[in-house]
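Beneath this line is the structure, given in structure tokens, with notes to follow.
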Amino acid sequence: MARPTASPFRMGLVHLALVIYTLIALFPVFLTVINSFKDRSAIFRDPLGLPMPKSFSLVGYETVLKQGDFALYFQNSFIVTAVSIFFVLLFGAMAAFALSEYRFRGNTLMGLYLALGIMIPIRLGTVAILQGMVATGLVNTLTALILVYTAQGLPLAVFILNEFMRTVSDDLKNAGRIDGLSEYSIFFRLVLPLVRPAMATVAVFTMIPIWNDLWFPLILAPSDATKTITLGSQVFIGQFVTNWNAVLAALTLAIVPVLVLYMLFSRQLIRGITAGAVK
Amino acid sequence: MGSLKIQDIRKSFGHVDVLKGIDLEVEDGEFVIFVGPSGCGKSTLLRVIAGLEDATSGDILIDGKRVNNTPPAKRGIAMVFQTYALYPHLTVRDNMGLGLKQAGKPAAEIKERTAIASAMLSLDDYLERRPSELSGGQRQRVAIGRAIVREPELFLFDEPLSNLDAALRVNTRLEIARLHRQLKATMIYVTHDQVEAMTLADKIVVLNKGRIEQVGTPMELYNNPQTVFVAGFIGSPQMNLIDGGKLGDTAKTVGIRPEHIQVSAKEGTWKGSVIHVEHLGADTILYLQTEFGPLTVRLFGEHDYEVDGVLYATPDKGRTYRFDAEGKIVRS
């Protein structure tokens, strides 16, 4: 809704800037998608052209699907992402609840310690992580990836959720205590529903780096049974020949699930049920 | 039954002492109000009674049983909060029934008790609504209903009217008074509004800086304040507190309520000029500047006085209070 003071001209400029930004951001995606539907010569002859009847081809998708293991790669990516998000949200929210709700010695220090991971990239510890995974026999398992991604996502989750949980009314939690709810019920039934928009934010921020990550799958789980979709797409990129049809098709397919997950979470982002809880 | 006994309760947050030794007895069926300025510890005391905060030391006895280590839900209390604190995802009916459900009561009993409470507060039409679909006054009624359903020994109210507008505040105040008569339950009520305290309470507890200043019925506090603080806190407009030295009195402070001063255009004890006049219809409030400082006078009915006019004020006999250097009353 436009504020009454904003002139149409100003609003036009604002929208123009937004449209330009959107175009720039979407252009690579657009290019990937249109070229995935063209045959090889059309990709090189006219990379910006839309797929015409003459140049239309599904050869990329055929290659990808015939490769056979792609369903499995998708499944791997999906399991790793979903389980990691679940654990990040669960443990992140629990830690944030403890930090925001209970007074104990070292509370602030603990909060800082948990947030430290935001500033220090987890990849610095790759060698140690790999050694640890080898020692525990977790190399080439999805568990290894899930553990690493959970650790990677937790600092930001704790940080954001901690701030949000401070805004949940103390009176509401105390009302629950007087009604005989346990601390767990207060956490799961009163606090979590109220910070759902924050949870969705955390989920989106956690999900995208995990889905797109190439580093840890390559190092920790490169076996055929545990490849993720991003790693799987790399088979088409060779040192001398790259099967562009297949690469673009694989990437296009990889966008779909993440888009679906994003839409699921963004619905939550918008819907807040806090209205009427307090005041 | 619902008596409460508090013995030497102290509460510190780190190095800050919020409650500095509170002793209090509340008898069954009493309506007790904790009143005091913000930061005096009244809400903390209520939370300690509820079990939401642990006391640093001291004992709390409800019906003669020590409840220091009993969780809030098992103390036989119910609490109404300033911000209503309704469960946003539950309907009015479930909001009221949750406590009983947690306590494992049969569904039929929950239904019956919810029905009684909702009839008492005329909430029948709203039982299936969620808190977000109710107005502020309705929400607070639901919060009160949630307390009634639990049939507690002790009702605790934490500034329940602060979030309501003036008209609703009066209505809800009357409703709470009616409920107290109807339920004959013990109620403890926290407020910073001395009008609420005077109108509702059987017994007022005035708190200041973590200590009890005075306990008494509203009229005892009004007529026999034991300290300067109570004298200044109870009564509106505030009691005139005048430096004793300037009046040639041996007391440190002399207090006179605005309604215990008469004015005359010709003669009187003190001479003063009118600074400001407030016409409230039933009352007229005069602000005078005298040689010993400002003086507030409350006259009943309508009066016409010009600003800057000269008036003589005379205090009613036997209605002045004298306080010593420690703020304690001096019996004359």
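Looking at region A:200-221, is at least one residue small (Gly, Ala, Ser), in a loop (DSSP other than H, G, I, E, B) and surrounded by fewer than 18 Cβ atoms within 10 Å (Cβ to Cβ)?
no
Checking the condition in contact with a Gly (Cβ under 7 Å, 6 or more places away or on another chain), closer than 30 Å to residue A:73 by Cα and not small (Gly, Ala, Ser), which residue from A:124, A:147, A:154, A:142 passes?
Result of the check over A:124, A:147, A:154, A:142: A:154.
What do you reckon, is residue B:39 more than 19 Å from residue B:215 (Cα to Cα), surrounded by fewer than 19 Cβ atoms within 10 Å (Cβ to Cβ) and of a type outside the set (Phe, Trp, Tyr)?
Answer is no for this residue.
One residue is enough: does region B:230-237 have a residue meeting the conditions among the β-branched types (Val, Ile, Thr), in contact (Cβ under 8 Å) with a residue 12 or more places away in the chain and surrounded by fewer than 20 Cβ atoms within 10 Å (Cβ to Cβ)?
no
Which residues, taken from region B:196-230, are β-branched (Val, Ile, Thr), part of a helix (DSSP H, G or I) and touching a helix residue (DSSP H, G or I) at 6+ places or on another chain (Cβ under 9 Å)?
Answer for region B:196-230, where residues must be β-branched (Val, Ile, Thr), part of a helix (DSSP H, G or I) and touching a helix residue (DSSP H, G or I) at 6+ places or on another chain (Cβ under 9 Å): B:199, B:230.
Please return the ranges of helices (runs of 4 or more DSSP H) entirely within region A:39-123 where 1 or more residues are more than 22 Å from residue A:220 (Cβ to Cβ), at pLDDT 90 or above and not polar (S, T, N, Q).
In region A:39-123, A:70-101, A:107-115 are the helices (runs of 4 or more DSSP H) which contain 1 or more residues that are more than 22 Å from residue A:220 (Cβ to Cβ), at pLDDT 90 or above and not polar (S, T, N, Q).
Going by the structure shown, is residue A:172 within 12 Å of chain B (Cβ to nearest Cβ), in a helix (DSSP H, G or I), in contact (Cβ under 8 Å) with a residue 40 or more places away in the chain and over 28 Å from residue A:259 (Cβ atoms)?
Here the answer is yes, as residue A:172 does meet what is asked.
Among the listed residues B:116, B:148, B:176, B:204, identify the single one that is at pLDDT 95 or above and in the same structural domain as residue B:81 (by TED's automatic domain parsing).
B:204
What number of residues in region B:275-329 are closer than 14 Å to residue B:241 by Cα and hydrophobic (A, V, I, L, M, F, W, C)?
7
Testing residue A:130 on (1) surrounded by fewer than 21 Cβ atoms within 10 Å (Cβ to Cβ); (2) within 14 Å of chain B (Cβ to nearest Cβ), one condition comes back false. Which one is that?
(2)
Out of region B:181-204, which residues are within 8 Å of the chain's Cα centre (by Cα) and either surrounded by fewer than 18 Cβ atoms within 10 Å (Cβ to Cβ) or on the phi > 0 side of the Ramachandran plot (or both)?
Listed by number, the residues that qualify are B:193, B:195.
Report whether or not residue A:196 is modelled with pLDDT under 90, within 14 Å of chain B (Cβ to nearest Cβ) and closer than 30 Å to residue B:140 by Cα.
Here the answer is yes, as residue A:196 does meet what is asked.
Residues A:83, A:139: which one is among the β-branched types (Val, Ile, Thr) and either surrounded by 21 or more Cβ atoms within 10 Å (Cβ to Cβ) or farther than 22 Å from residue A:197 by Cα (or both)?
A:139
Going through B:43, B:38 one at a time, which residue ends up being at pLDDT below 95, part of a helix (DSSP H, G or I) and assigned by TED's automatic domain parsing to the domain that holds residue B:151?
Exactly one of B:43, B:38 is at pLDDT below 95, part of a helix (DSSP H, G or I) and assigned by TED's automatic domain parsing to the domain that holds residue B:151, namely B:43.
Return the residues of region B:1-24 that are of a type in the set (Val, Ile, Thr) and over 21 Å from residue B:154 (Cα atoms); say none if nothing qualifies.
Result: B:16, B:18.
Working only within region B:304-332, note down all residues that are among the hydroxyl-bearing types (Ser, Thr, Tyr) and either part of a loop (DSSP other than H, G, I, E, B) or at pLDDT 95 or above (or both).
B:305, B:332
When only residues in region B:70-79 that are free of Cβ contacts under 8 Å to residues at least 60 places away in the same chain and at the interface with chain A (Cβ under 7 Å from one of its Cβ atoms) count, which is surrounded by the most Cβ atoms within 10 Å (Cβ to Cβ)?
Out of the qualifying residues, it is B:72.
Does residue B:242 satisfy being buried (at least 19 other Cβ atoms within 10 Å of the Cβ) and outside the structural domain of residue B:141 (by TED's automatic domain parsing)?
Yes, satisfied.
Quick one: in region B:55-65, of everything that is of a type outside the set (Val, Ile, Thr) and in contact (Cβ under 8 Å) with a residue 40 or more places away in the chain, which residue is nearest to the other protein chains (Cβ to nearest Cβ)?
Among those residues, the one meeting the criterion is B:55.
Against the condition more than 30 Å from residue B:293 (Cα to Cα) and acidic (Asp, Glu), how does residue B:213 come out, does it pass?
no
The values are calculated or read from the model by the stated rules, or taken from the named source; none is laboratory data. Just so we're clear, the structure is a prediction, and the values are computed from it rather than from any experiment. Because the Cβ atoms are built from the backbone with ideal geometry, glycine has one as well, and the counts that use them run over all protein chains shown.
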